[in-house]
2 protein chains.
Amino acid sequence: MSGGGAGGPRRLVHETWGDHAALLARSVHAHDGSVGVVRPQVIDVASPADPLPLELGGRLDHVAVTYETYGELDARGDNAVLVCHALTGSAHAAGRHGEGEVPGWWDPLVGPGKALDVREHFVVSSNVLGGCYGTTGPTSIDPASGRRYGPDFPRFTVRDMVEVQRRLLDRLGVGRLRAVVGGSMGGMQALEWAATHPERVGSLVAIGIGARHSAWAIGLNEVARRAIAADPDFHGGAYRPDRQPETGLGLARAIAMLTYRSFDSLEAKFGRERRPAEEEGLEASFEIASYLRYQGVKLAQRFDANTYVGLTRAMDDHDLAAGRGPLREVLAGMRMPSLVMGIPTDVLYPEVEQRQLLEGLPDARYARIVSPHGHDAFLIEFPQVAAHLRRFLQERAPR
Amino acid sequence: MSGGGAGGPRRLVHETWGDHAALLARSVHAHDGSVGVVRPQVIDVASPADPLPLELGGRLDHVAVTYETYGELDARGDNAVLVCHALTGSAHAAGRHGEGEVPGWWDPLVGPGKALDVREHFVVSSNVLGGCYGTTGPTSIDPASGRRYGPDFPRFTVRDMVEVQRRLLDRLGVGRLRAVVGGSMGGMQALEWAATHPERVGSLVAIGIGARHSAWAIGLNEVARRAIAADPDFHGGAYRPDRQPETGLGLARAIAMLTYRSFDSLEAKFGRERRPAEEEGLEASFEIASYLRYQGVKLAQRFDANTYVGLTRAMDDHDLAAGRGPLREVLAGMRMPSLVMGIPTDVLYPEVEQRQLLEGLPDARYARIVSPHGHDAFLIEFPQVAAHLRRFLQERAPR
C-alpha cells in the first residue's frame, strides 16, 4: 500500500448558491433517486516497478487514487462514464458519505433515473492527481522522505491527471468509456481524454471550458498564486499543515469567486447592501465583501494552498495543441460525438472559447446554459445541465 | 500656506497600451497642437476659518489642491471645462512638465484644435481630495501632528472631492462650467457634479461609469484592499514612505489591470506566450504574468497604498441616489445636456450601467467606444473619444 494518500481526505464541503440552488436541487430530486450512502475507495496506480512518468519531467513511484463509483460495470466493461471534477472539487460527485452529510457536488445529475442514470451507466469519479482529497498530491507523504511533499511535489499537468485516470479505469476493468464529462478544470480533463485516447472515448461532454487556457484566465490564476505566495504563513510552501496561509488562500478564493459569478448575479444577490457598522474597519462593510471573506475562510478550512498552486499551474498549462501540432488538426482528430456546453454570462471561459471547440470538433453540438450565474452555472443550473446531458447521452453516446 | 501638499507630488508616469496607443496618439497629434510645457499650481481651499466638512463626518482644516489649467478663462468666467481624473490619475491631463517628460494622461484630447480646444475652453484639471499627486491626502503632513496622515487621513467621498473642486473653481473665478468631463472615477465626479450643482454644470460627459458602484466592482476593490492590508509592510497603513507595501499594492494593481482590459485584448497581446525558463519559479512563466508583475512594480513606484485604499473606498461609496431619494428622481433632476460613453468590452463598468444612466437622464445621448481594450479604452482610443467629445461640445455645450 502506497503512502500516497496518507494525508487523508479533507472534510468535504460544498457551497450552494443559496436558496436558488437548493430549490433547483430539490426540484430535480423530487423526480429522481439518490445513489444513497457511498464510500470512497483508494487504489494504487503506480509503484516503483510501474512508476508514473510526468509530462514535464520526473516521475512518481507511488500514486494512490481516491475514487467513487455509482452503478454497476456491465460484463463487457463498456458502460462507464467518467466524471471529472473542477479545481476545488473531489471524487465525491454523488450520494452522501453518511446520513446528514452533504451530497456530492453533482448529486442532482447522478443517480437512478437522473441524467447520468446509474441503472444504465457505471459512473466513475476520482480525485485528480495533485489533489488534496485523497489522491496523491502535495499533502501526501513522500515515501522517500517520510514527510509531506508540500512544495516539493513535482509539477504535473492535466495530461498527467488523465494518465492516472486511465490507470484507474484499467484496474476497474473499464474498456471504452461511454462518455467523459467535465466542467471547468473537469472539462480540460475531458478534452485531454478525447485528444489522448480518442479510441477509448465514446463521447465527450465539455462544459464551460476552452481548448487552451487564455491569457485572461492565466492572469487571474497568477494573481491568486501571488496572493498565496505573499502570505508570510506560506513559507515558500513549507508551512505546517495546521498553519496554512489562510489569508493568501482566502484572497485567492475571493478573486476566483468573483470570476465564477457574474456582474448581474452579484448585483442581484448583494447589490450595495451593507453589514452593520460594527464590522467597519479597513474593509468596506458591504455584503459582497463579507461574502467574499466567508468564501475564503471556508476554502482555507477545506483546501490546501500548495494544492491550489499546483492545480492552477496545471490549468494554466492546459493547451490541447501543445506538442500535438495545430489546434485545428488536433480538434479534427477528436471524432467522437461531442457536446459542448457554454454559459453566456461566463466571464472566465467565455463562449468564444466554446465556439472555437465547436468549430474544430467534427461531430459536436452546442448547448447553452441560460443563467445569470456565470461560470458556476454548471454547478447551479442542474435541470438545464441535466436535460442537455440526458438527451446527448441518449441520442449520441455509444451503447 | 497649508502643509497639506507637503508630501509633494510623486513622479508622474503614464502607461500606454504599447505601440497601439502611441500610434493613435501620434495620429491625433499630427493634426493638433500641444499645450506645451505646463506647470502645476497649488492653492489652498480650506483653512481653520473655512474648514472642509466631510460627508461621512469630521473636517479638514487645511486642504491644498494641485491643479493645472489650459487655455484662458474668458471675461464672463463661463468657458471652463472641468476634467476629472481616474483612480491613479493626477492633475496632469495635458502638455508636459518639461522637455522629454511624458505628456498628460489625456494629452491627445486637450490642446489647440483638439476636442477640448484650449482656444475656446479654459480647461481645469485637479488632483482629487485624498490623492497623492499634490492634493491633500494620506501622504500629506497633518498640521496638527506635524506627521503624515497615513492611515489617519479621514474617510472621504466623491462628493467631498467635488466640494474641493467647487472651491477651487470659485477661487479661479469660474462660474458656470461649460462641461464636466470624466471617465471611471472621473465619471463619478462628473455625475456628482451634475447631481449636486445642476445649475452650475452646463453639460455632462460621463465615460465608462454607472450611477452607483456595483457589487462586482466593490468586490474587486475589496480584494485589492485586502491584498494591500495583508502585506506585512502595510502595518495597518503606518508604513514608512520609503517602505511601502509594494507586494500588496502590486497585487492590487494586477487585479485591477485585468479588469481594465478584456479577455480579447489580453489574448491578442499575450495569448500563451512564455518568458524564458530562467524566470521559472512559483509563478508561471507566461508573458501575461510578467506584464502584471511589471504593472504592479510600476504602480508601487508612483502611487501610495493608503491613497489607493482611501480612493477605492470612496469609489465603493459612489451612489448618486444616496441621501437624495430614488435614483430615477435624482437622474431626472440632472437636466443638462449629457453625453454618456460606454465600451462594449468593459467588464468593470459594463454597458448595462451606462444604459441605466441613459434611461434616467432627461437629455442624454449615447456614444459607444468600439474597442477590444475594455475599460481602459477611454485612455487608449483617443480618436474615437475625441470625435464624440468634440461633436457633443460643439452641438450641446452652452456658449
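The values are calculated or read from the model by the stated rules, or taken from the named source; none is laboratory data. Since we're looking at a predicted model, the values are computed, not measured. In this analysis, Cβ positions are derived from the backbone assuming ideal geometry, glycine residues included, and neighbour counts consider all displayed protein chains. Just the protein is used for accessible areas: all its heavy atoms, side chains included, with ligands, DNA and RNA removed. Shrake-Rupley method; radii C 1.70, N 1.55, O 1.52, S 1.80 Å.
List of remarks:
- Listed conditions (1) free of Cβ contacts under 8 Å to residues at least 24 places away in the same chain; (2) in a loop (DSSP other than H, G, I, E, B) are all met by B:Ile288, apart from (2).
- Wholly within the range A:45-133, strands (runs of 3 or more DSSP E) carrying at least 1 residues that are modelled with pLDDT of 95 or more, surrounded by fewer than 24 Cβ atoms within 10 Å (Cβ to Cβ) and acidic (Asp, Glu): none
- Here B:Arg240 meets each of (1) modelled with pLDDT of 95 or more; (2) away from chain A (no Cβ under 14 Å) with one exception, condition (1).
- Scanning the range B:329-358 for residues that are in a helix (DSSP H, G or I), more than 14 Å from chain A (Cβ to nearest Cβ) and touching a residue at least 24 places away in the same chain (Cβ under 8 Å) gives B:Val330, B:Leu331, B:Ala332, B:Leu357.
- Filter pass, A:Arg166 being more than 16 Å from A:Ala314 (Cβ to Cβ), more than 20 Å from the chain's Cα centre (by Cα) and at pLDDT 95 or above: no
- Of B:Ala300, B:Ala321, B:Ala367, all but one fail to be in a helix (DSSP H, G or I) and of a type in the set (Gly, Ala, Ser); the exception is B:Ala300.
- When each of A:Pro337, A:Pro350 is tested for being surrounded by 15 or more Cβ atoms within 10 Å (Cβ to Cβ), over 21 Å from the mean Cα position of the chain (by Cα) and modelled with pLDDT of 95 or more, the lone residue that passes is A:Pro337.
- Within the range A:144-158, being over 14 Å from A:Leu60 (Cβ atoms) and among the charged types (D, E, K, R) holds for A:Arg147, A:Arg148.
- The single condition among (1) outside any strand (DSSP E or B); (2) in contact (Cβ under 8 Å) with a residue 24 or more places away in the chain that B:Ala179 does not satisfy is (1).
- Subset of the range A:257-273 (residues that are part of a helix (DSSP H, G or I) and at the interface with another protein chain (Cβ under 10 Å from one of its Cβ atoms)): A:Met257, A:Leu258, A:Thr259, A:Phe263, A:Asp264, A:Ser265, A:Leu266, A:Glu267, A:Ala268, A:Lys269
- Residue check for B:Gly310: facing another protein chain (nearest Cβ under 10 Å) and touching a residue at least 60 places away in the same chain (Cβ under 8 Å): no
- Reported count of residues in the range A:204-232, each being in contact with a Ser or Thr (Cβ under 7 Å, 6 or more places away or on another chain) and farther than 27 Å from B:Ile288 by Cβ, is 1.
- Here A:Gly219 meets each of (1) in contact (Cβ under 8 Å) with a residue 24 or more places away in the chain; (2) over 21 Å from B:Pro232 (Cβ atoms) with one exception, condition (1).
- Annotation note: of B:Gly248, B:Gly183, B:Gly202, the sole residue that is buried (at least 24 other Cβ atoms within 10 Å of the Cβ) and more than 14 Å from chain A (Cβ to nearest Cβ) is B:Gly183.
- Some residue of the range A:343-355 being touching a Pro at 6+ places or on another chain (Cβ under 7 Å) and not β-branched (Val, Ile, Thr): yes
- Among the residues of the range A:134-171, those that are under 30 Å from A:Gly33 (Cβ atoms) and assigned to a loop (DSSP other than H, G, I, E, B) comprise A:Gly134, A:Thr135.
- Check on B:Pro362, in contact with a strand residue (DSSP E or B) (Cβ under 7 Å, 6 or more places away or on another chain), surrounded by fewer than 21 Cβ atoms within 10 Å (Cβ to Cβ) and in a loop (DSSP other than H, G, I, E, B): no
- Total residues in the range B:37-61, condition over 18 Å from B:Ser90 (Cβ atoms) and either of a type outside the set (A, V, I, L, M) or within 24 Å of the chain's Cα centre (by Cα) (or both): 16
- B:Asp304 falls short on exactly one of the conditions (1) within 13 Å of chain A (Cβ to nearest Cβ); (2) acidic (Asp, Glu); (3) open to solvent by less than 10 Å² (accessible area, probe 1.4 Å), and that condition is (1).
- Breaking point among (1) of a type outside the set (A, V, I, L, M, F, W, C); (2) assigned to a helix (DSSP H, G or I); (3) open to solvent by 10 Å² or more (accessible area, probe 1.4 Å), for B:Asp242: (2)
- Subset tally (residues that are open to solvent by less than 10 Å² (accessible area, probe 1.4 Å) and in contact with a Leu (Cβ under 6 Å, 6 or more places away or on another chain)) for the range B:368-385: 1
- Selection count where residues are more than 7 Å from every other protein chain (Cβ to nearest Cβ) and assigned to a helix (DSSP H, G or I), scope the range B:205-237: 7
To keep it simple, each residue is scored yes or no on (1) within 25 Å of B:Arg253 (Cα to Cα); (2) open to solvent by less than 70 Å² (accessible area, probe 1.4 Å); (3) at pLDDT below 95.
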{"position": "A:Ala254", "(1), (2), (3)": "yes, yes, no"}
{"position": "A:Arg261", "(1), (2), (3)": "yes, yes, no"}
{"position": "A:Ser265", "(1), (2), (3)": "yes, yes, no"}
{"position": "A:Gly271", "(1), (2), (3)": "yes, yes, no"}
{"position": "A:Ala277", "(1), (2), (3)": "no, no, yes"}
{"position": "A:Glu280", "(1), (2), (3)": "yes, no, yes"}
